[in-house]
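S.K.: Structure incoming, see below.
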Amino acid sequence: MKRILLLILATLLLFSGCTLSEKEEKNNDKLTITATIFPQYDFLRSITEGADVELNLLVPPGKEIHGFETALSDVSAVSNCDLFVYVGSQDDAWVKDVPESGNKRLALCEIVTDYKDEHVWTSPKNAIVIVQKLCDNLCEIDPSNKELYKNNTEKYIEQLKNLDTEIESTVNKSENKTIIFAERFPLLNFAEDYKLNYYSAFEGCSTETEAGIKTINFLTEKIKEENIPAIFIIEFSDGVVAERISKETKTDILLFHSCHNVTQEEFESGETYISLMTKNLENLKTALLKNNTGD
Ligand SMILES: [Zn+2]
């Protein structure tokens, strides 16, 4: 029996291309980074591009991040990496209970001090601060790749700044400063940072999906009153409330991707925070500028 097992193991090793000890050694040498959710995973992917690091995403594509059940393997994932980046909200409060193991742990809600709710990444202004802090920490942990991290970060922050400038100029040009979400509203940081007025069917990431008649009437009146051409839904939405309001007000329904997570399809097609936010910007232009009288 033992001999058969050894034979199977030997065959497996032959096909895996390297011996177990070699592989272990390789993994130990490599800088390992674990991110709980997509936004910081994507930031870290850009900062470390070209460096031989292992980057893991804890909540897989397609999964709802709120209420994501923590497995035992997740607990060890916190300790068994060189850098662990989480949100620092109620959802991942469990991280604080994992005993310190000497590695570096960073929480987005601690990096961004002046935030409105836990969806800090939705504002590119916050993303700039977060990316710089992640880079600073990576340079400290892994000085051999310092120049690479710094160069990548400089280029990446330039893209974020361009995005920020374009959003600001869109809002400035627009006579309408109101966005309506027939939906949950995880975009408090975004709306406040770009000085937009906002109304939504549900607060934050409420688990409610059935809007009361009072809420629907209120949003419908707002749209008519302010001549708003489009309303928003977010990703993973059933769009039921939006359909009802759109029918009543003849408004378009547009997507605002809040980047909590991406679908498996989006992940495989290489969507990034920048690519999703750029699409958001285009939809924002439609919602804000369409009825501009000066155009
Ligand atoms: Zn949320």
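S.K.: Would you call Y198 modelled with pLDDT of 95 or more, more than 16 Å from the ligand (Cβ to nearest atom) and touching a helix residue (DSSP H, G or I) at 6+ places or on another chain (Cβ under 6 Å)?
M.R.: Against the criterion (modelled with pLDDT of 95 or more, more than 16 Å from the ligand (Cβ to nearest atom) and touching a helix residue (DSSP H, G or I) at 6+ places or on another chain (Cβ under 6 Å)), Y198 does not qualify.
S.K.: Another one. Go through segment 247-266 and count every residue that is hydrophobic (A, V, I, L, M, F, W, C) and surrounded by fewer than 18 Cβ atoms within 10 Å (Cβ to Cβ).
M.R.: 2
S.K.: Considering only segment 249-256, I want to know if a residue exists there that is in a helix (DSSP H, G or I), more than 16 Å from the ligand (Cβ to nearest atom), touching a residue at least 24 places away in the same chain (Cβ under 8 Å) and farther than 30 Å from E210 by Cβ.
M.R.: No: segment 249-256 contains no residue that is in a helix (DSSP H, G or I), more than 16 Å from the ligand (Cβ to nearest atom), touching a residue at least 24 places away in the same chain (Cβ under 8 Å) and farther than 30 Å from E210 by Cβ.
S.K.: Listed residues K104, K96; which is surrounded by fewer than 18 Cβ atoms within 10 Å (Cβ to Cβ) and either in contact with a strand residue (DSSP E or B) (Cβ under 8 Å, 6 or more places away or on another chain) or touching a residue at least 60 places away in the same chain (Cβ under 8 Å) (or both)?
M.R.: K104
S.K.: Let me ask something else. Working carefully through the options T286, T263, find the one that is over 24 Å from I128 (Cβ atoms), more than 14 Å from the ligand (Cβ to nearest atom) and over 22 Å from the mean Cα position of the chain (by Cα).
M.R.: Going through T286, T263 in turn, the sole match is T286.
S.K.: Being away from the ligand (no atom under 13 Å from the Cβ) and on the phi > 0 side of the Ramachandran plot: is that true of K177 here?
M.R.: Spelling it out, it is not the case that K177 is away from the ligand (no atom under 13 Å from the Cβ) and on the phi > 0 side of the Ramachandran plot.
S.K.: Determine whether I111 is crowded, with 17+ Cβ neighbours inside 10 Å and either more than 27 Å from E49 (Cα to Cα) or of a type in the set (S, T, Y) (or both).
M.R.: Against the criterion (crowded, with 17+ Cβ neighbours inside 10 Å and either more than 27 Å from E49 (Cα to Cα) or of a type in the set (S, T, Y) (or both)), I111 does not qualify.
The values are calculated or read from the model by the stated rules, or taken from the named source; none is laboratory data. Here the structure is a predicted model, which is why all the values come from computation and not from measurement. No Cβ is skipped: glycine too gets one built from the backbone with ideal geometry, and neighbour counts run over all protein chains shown.
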